[in-house]
Structure formats: C-alpha cells, structure tokens
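Working notes, beginning with the structure itself.
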Amino acid sequence: VQRNQHRISVREYSGAAPTIILMHGFPDNLHLSDRLVPHLSPPRRVVVFDFLGWGASDKPAGYPYTANNQVGDLDAVITQLRLQQVTLVAHDASGPPAIDWALSQPERVAGLHFFNPVHKMHLVEVVRAPGTGDAAVATLVELVRRLGKVPVVVADSPGFLVNRILFPYLDEAVR
C-alpha cells in the first residue's frame, strides 16, 4: 500500500467480510499476529500491516511517527484495499490510532459489551453510538449470533441496558 511516497507492508488473508484488521503495538510488527491469523481466516478476511517505521514498511528518515500519522497509515490501508466494513483489533500503542480513526468514522463504529464470565453468559449488548450506521450494527448482531450468543441492541449510555436495570435492584437489596 502506498502512503504518499512511502510503502506500507501489508499481508492479506482471504475470507468473508467484514475484514478484521490486526494492528501491532510497539515495538512490534505484523508478525505479532502470526499465531492468531489461522484462527480467524478463514472464515474472515484478515489484514495485517506494519505502520511506517516498523517491520517491512518504509522507514523514512525524519518522519514524524505520531498517532495522527498512524491514523493516516490505517486509513491508507482501508482505502486502498477498498474495505467497506472492518473490525479493528488494536494492541497496546496502536489503540490511540484505532480510536482516532473510529472517531473520524462514527457511522462505521459500534461496540460489543460481553458479560463475565463470557463462556457462561449468553447475552451480549451491541452498542449503537449516536452516529452508528445500520450496517455496523447488523454486522455485530450477526457476529454475536454466530458466537452462539443473544444480541440486544442498546444505546451508548452509562451502563448500557443491563447494568442500568440491575444496579437499582442491587441498591434496593442492600437497604
């Protein structure tokens, strides 16, 4: 993938959309995900890449390796690979660029809230933020069902739904 005059190293693994993008932290590179990819693809398309300055990507002298530029790296990968729906998986220092990219694309962002213990609790809240598009919500609802869990779509608010209902009951119980 080209980013201006620089080259970003990318690996793609075939599968169905939505594409899972695995983002490395620092001082790692795309090989951080080598053991995880076989568990995801197939059935999902997976993309891993090295941010500029890391791994097999170009390492331009004097280049400002900032979170803003990393957002640009991520956006270049998504745009040039023509990815419509993506699931970002960030690791440590790639969290800020993932969050910043998501904030700039609110219609493409939704969240999942799993309950503990995850392996026993069947309910999963699919969180719709104010700008979240229907396609993002539908993708997560489908994913939750494939996991054998029960999705409930909720608004992005403190406590989502279950905890907003649960905590008044707990409060009453301790009085």
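The values are calculated or read from the model by the stated rules, or taken from the named source; none is laboratory data. Given the structure is predicted, the values throughout are model-derived calculations rather than measurements. Cβ coordinates were reconstructed from backbone atoms using ideal geometry, including for glycine residues, and neighbour counts include every protein chain displayed. Note: accessible area is taken over every heavy atom of the protein model, side chains too, but ligands, DNA and RNA are not part of it. Shrake-Rupley method; radii C 1.70, N 1.55, O 1.52, S 1.80 Å.
Structure notes:
- Elements of type strands (runs of 3 or more DSSP E) contained in the range 7-56, each with 3 or more residues being open to solvent by 30 Å² or more (accessible area, probe 1.4 Å): 10-13
- In the range 146-175, the residues that are of a type outside the set (A, V, I, L, M) and either open to solvent by 80 Å² or more (accessible area, probe 1.4 Å) or in contact (Cβ under 8 Å) with a residue 60 or more places away in the chain (or both): ARG146, ASP156, PRO158, ARG164, PHE167, TYR169, GLU172, ARG175
- Residues satisfying the stated conditions in the range 57-70, i.e. assigned to a loop (DSSP other than H, G, I, E, B), of a type outside the set (S, T, N, Q) and at negative phi: ASP58, LYS59, PRO60, ALA61, TYR63, PRO64, TYR65
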